[in-house]
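The values are calculated or read from the model by the stated rules, or taken from the named source; none is laboratory data. Every value quoted in this text rests on a predicted model; they were computed, and no experiment measured them. Note that each Cβ is placed from the backbone with ideal geometry, even for glycine, and that neighbours are counted across all protein chains shown. Only protein heavy atoms, including side chains, enter the accessible area calculation; ligands, DNA and RNA are left aside. Shrake-Rupley method; radii C 1.70, N 1.55, O 1.52, S 1.80 Å.
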Amino acid sequence: MEKSMTRATIKKWGINGEGIAYVNKKCVFIPGALPNELVEFHITEDKEKYAMGELDRVLTLSSDRRHPLCNDWLTCGGCSLMPVQYKAQCKMKEEILEEALYKYARYKGKINPIIKNPNPLGYRNSCKLPFGYDEDHELCTGMYQRDSNQFVPMNRCYTHSKHIERVRKEVQEILKSEKAYDKKLKRGFRTLVLKEFDEKIQIIFVTGRNAVPSRVVEACSQIENVVSIWQSIKTDIKPDVFGDEMIHLYGNETIELQLNDYKLSILPKSFFQLNTKQAIQLYEYVESITPKCNCIVEAYSGIGAISLFVHDKAKEVIGIEEIEDAVDNAMDNAEVNDIDNVYFMQGDAGRMLSKLDQKVDTLIVDPPRVGLDNKMKDTILDSDIKTLIYISCNPSTLAKDINVLSKKYRIQSVQPFDMFSQTSHVETVVKLVKSDGRKDFSKPRNNHRPRKDYKPRKQSK
């Protein structure tokens, strides 16, 4: 069937980094197209309220377009802003944040300029890549094409650190004769997880009910910079990358990193920001806006890095985290750094916060992409917490949560960070303070009001 070509001018960015055009007043999301470009495309999916298009030809190039380093960026879908000049990437993220805050929270106040990434390429300190087969039917790592189960082998990733990328290729070569995970047999290699801090590498093989061959462990242990190897057995379909059973195969159980004056250790299941240099800037900023007080609580505290950074701001700091490995890490990290006013609790953040006997002065939250659950929001609104510092990687859920919290809190500052260059994601730190319940209707930045036709679409993972 012959494609029906359409010609249109891209009007704005989509939340996932696509260009948005309008055809018969319906918005069409076109990956790879940039605002102000005249393009030819064809419709691939036509919904009631929007459509998806595939770019065929750019007739008028944007001055923000550049030649993408990666040849597979559009097929992979992991770096939707790869063909965009870095300055324009940052501008796009500021606009997406501004529009989300206005759309969902009616915030029109100041947003600080984004804190740029010192390394827009080669910044990722970890990867979680599924296994599949290449064209020679050899085991390899790759990605699933956006919104599909189509496996795309990875040739080279320009956002991985040089050590992550080198080790990935060496591991892939060692494993090329092995089998990918078979859902029926529940055996095979499922996911490769690599973490790199201070040039030390930890390897985690996520597999089915099969042992990792001794020859694989031995060969991987000889790779330069590898200090730790684990296996995680996972046969369920839950979204978590790791299974319940973790087996230590070689070297150190943890991997260590230095953040300013703090020495931290990380177990395989523990999370840390994907961009170490930007994480330090973010933590320093959070520390700078945290008021001195008696009690600080950090919810979703992970390995406790932020709690350590703010420990001088309070007589007592309490971290709450659901993942057991992360709590173990956090307690060890406090002890190793000789910090005795910080301790950690395991459990659901909202439920544990509601049960605290201490009067909490400042709450720091860094929830997952879905934002705060209803229990946490209700607990905050029922509390007497004076200051709330909200760290978010999703502008839409951030703004929706702020709208709920605006019954009791007003925004004092908004600071975006570019943690994930080449992608559409933006990290944001918002400081909220207790108010009389009125929303902040201060003048918009640069006298600019977000467009009335802005209709956010669900952001892909």
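Brief remarks on what is shown
- Candidate set: the stretch 72-94, residues that are modelled with pLDDT under 95 and assigned to a helix (DSSP H, G or I); chosen: the one most open to solvent (accessible area, probe 1.4 Å): L74
- Some residue of the stretch 193-215 being open to solvent by 20 Å² or more (accessible area, probe 1.4 Å) and touching a Cys at 6+ places or on another chain (Cβ under 6 Å): no
- Residues of the stretch 89-110 classified as closer than 11 Å to G17 by Cβ and hydrophobic (A, V, I, L, M, F, W, C), total: 2
- Filtering the stretch 34-55 to residues that are among the aliphatic types (A, V, I, L, M) and open to solvent by less than 10 Å² (accessible area, probe 1.4 Å) leaves L34, V39, A51.
- Scanning the stretch 1-33 for residues that are open to solvent by 50 Å² or more (accessible area, probe 1.4 Å) and assigned to a loop (DSSP other than H, G, I, E, B) yields M1, E2, K3, S4, K11, N24, K25.
- Residues that are surrounded by fewer than 20 Cβ atoms within 10 Å (Cβ to Cβ) and either more than 11 Å from G371 (Cβ to Cβ) or not basic (K, R) (or both) within the stretch 394-404 comprise T397, N403, V404, listed in sequence order.
- Cβ pairs under 6 Å, 6+ apart, first in the stretch 260-273 and free of Cβ contacts under 8 Å to residues at least 60 places away in the same chain, second open to solvent by less than 20 Å² (accessible area, probe 1.4 Å): S270/I303; S270/A326; S270/N329; F271/G302
- Looking only at residues in the stretch 429-449 that are modelled with pLDDT of 95 or more and either out of contact with any Lys or Arg (no Cβ under 9 Å at 6 or more places or on another chain) or not in a strand (DSSP E or B) (or both), the one that is nearest to A279 (Cα to Cα) is V429.
- For L69, the stated conditions hold: it is open to solvent by 30 Å² or more (accessible area, probe 1.4 Å) and either at pLDDT 95 or above or part of a loop (DSSP other than H, G, I, E, B) (or both).
- Neighbours by Cβ (under 6 Å, 6+ apart or cross-chain): first from the stretch 96-108, surrounded by fewer than 23 Cβ atoms within 10 Å (Cβ to Cβ); second among the hydrophobic types (A, V, I, L, M, F, W, C) and assigned to a helix (DSSP H, G or I): Y104/A399; A105/A399; A105/I402
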